[in-house]
Amino acid sequence: MYKEKYAINFFKAGQDEMREKTQGFSRIMVELIAEAAFGELEKLQQECKQMRYSAQGYLEDSKVSPEEKNTLVNIGYINALLDVEQMYLQKLAIQNEMQQIKTRYKNAILTALVKAGTMLHKDLACAIGVSASGLTAVIKQMNATSVPTIRVEEVSKYKLYSITPAAYQYITHYMPGILPEIEMGNREKEVYFDYVMAVRSIKQNRKTGIAGKERDIRADYVMAPNRGGNKFMDGQAKLGGMIEFSQKLA
């Protein structure tokens, strides 16, 4: 996966390809470092380590003096370090902005959305104990950052909320205690997901038919992993009531 996207053959690649792949490699490396994704970092290193040998071979074949080669290597090394430093500082700046969000509902909202994945406006308001109008002001305050914290999607008169990738990175650094519970997975999250999808699909597909649009809608989301056995059947029983309710809303 990484090799095709980022590995450079310095004997064959043009300047545009080198620049594009170098910038992409720097970005993904900084993201993985920021997320402490050590397994992915190791995979990135293994798949792209051939670049080092390609670069060394290219320098050895060049007709410049050894002193000039060393100078070029040091220039490239320093530039790479400065680029990585800048990217990492940008990510830290975003996380620092999120830390400075002043609303007392910030952690409650992030926790609720990470657990549920996607929530309707009224359900999120109920989950954190505020009125529907009060939640609108809170969400506006949480998104008053250079990179939004909460993804807001409007479907007819309904609003759907979920966290952005930047918010998830913030959670991994400053709220790690909620992650083990999330990663275990639970049937309630999956049933709620189906409920939200039912409301969404009915609203969007009244004129065009549900079947075709439903595939597109579900393609935008990751289904909960544990669909099996009695838990799935129990969930389907609960889902029936939810879909009936959502049809009344339509």
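Can you pull a Stokes-Einstein diffusion coefficient for segment 44-184 at 20 °C (1.002 mPa s), Rh from Kirkwood over Cα pairs, as a whole number of µm²/s?
Details: Rh = 18.5 Å.
Answer from the Stokes-Einstein relation: 116 µm²/s.
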Original post:
At a Förster distance of 22 Å, what's the computed FRET efficiency of Thr71 paired with Met18, Cβ-Cβ distance as r, to 0.05?
Top reply: 0.70
Original post:
For segment 108-119, in order, what is each residue's ³J(HN,Hα) by Karplus, 6.51 cos²θ - 1.76 cosθ + 1.60 with θ = phi - 60°, in whole Hz (x at glycine and Pro)?
Top reply: 5, 5, 4, 4, 4, 6, 5, 5, 8, x, 9, 9
Original post:
In debye, nearest 20: dipole of segment 53-148 around its Cα centre with unit charges on the Cβ of K, R (+) and D, E (-)?
Top reply: 900
**OP:** Could you run the Karplus curve 6.51 cos²θ - 1.76 cosθ + 1.60 with θ = phi - 60° over segment 17-25 and give me ³J(HN,Hα) per residue in whole Hz, x for Gly and Pro?
**Re:** 5, 4, 5, 4, 6, 5, 5, x, 4
Original post:
How much length is gained if the chain between Cys126 and Thr172 is pulled fully straight, taking 0.36 nm per residue apart and subtracting their Cα-Cα distance, in nm to one decimal?
Top reply: 14.1 nm
**OP:** Amide H neighbours of Val155 under 5 Å, at least 5 residues apart or on other chains, H built in the peptide plane: list them.
**Re:** Leu160
Subject >> Hz values of 3J(HN,Hα) by residue in segment 129-138 - Karplus curve (6.51, -1.76, 1.60), Gly and Pro given as x >> reply: x, 10, 6, 4, 5, x, 5, 4, 5, 5
Original post:
Tell me, what is the per residue accessible area of segment 85-153 in Å², probe radius 1.4 Å?
Top reply: 51
Subject >> segment 1-101: relative contact order as a whole-number percent, Cα under 8 Å and 6+ apart >> reply: 36
**OP:** Starting from the amide H of Ile163, placed 1.01 Å from N in the peptide plane, find each other amide H under 5 Å away whose residue is 5 or more places distant or on another chain.
**Re:** Arg151
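Quick one: grab the alpha carbon gyration tensor of segment 6-59, order the square roots of its eigenvalues as a ≥ b ≥ c, and give me rounded if a/c is under 1.5, else prolate or oblate depending on whether a/b is larger than b/c.
On the way: a/c = 3.34, a/b = 1.72, b/c = 1.94.
Oblate shape, in that a/c is at least 1.5 and b/c is the bigger or equal ratio.
The values are calculated or read from the model by the stated rules, or taken from the named source; none is laboratory data. Please read these numbers as outputs of a predicted model, since none were measured by experiment. A quick note on method: Cβ atoms are made from the backbone with ideal geometry, for glycine too, and the neighbour counts reach across all protein chains shown. The area values use the complete protein model at the heavy-atom level, side chains included, leaving out ligands, DNA and RNA. Shrake-Rupley method; radii C 1.70, N 1.55, O 1.52, S 1.80 Å.
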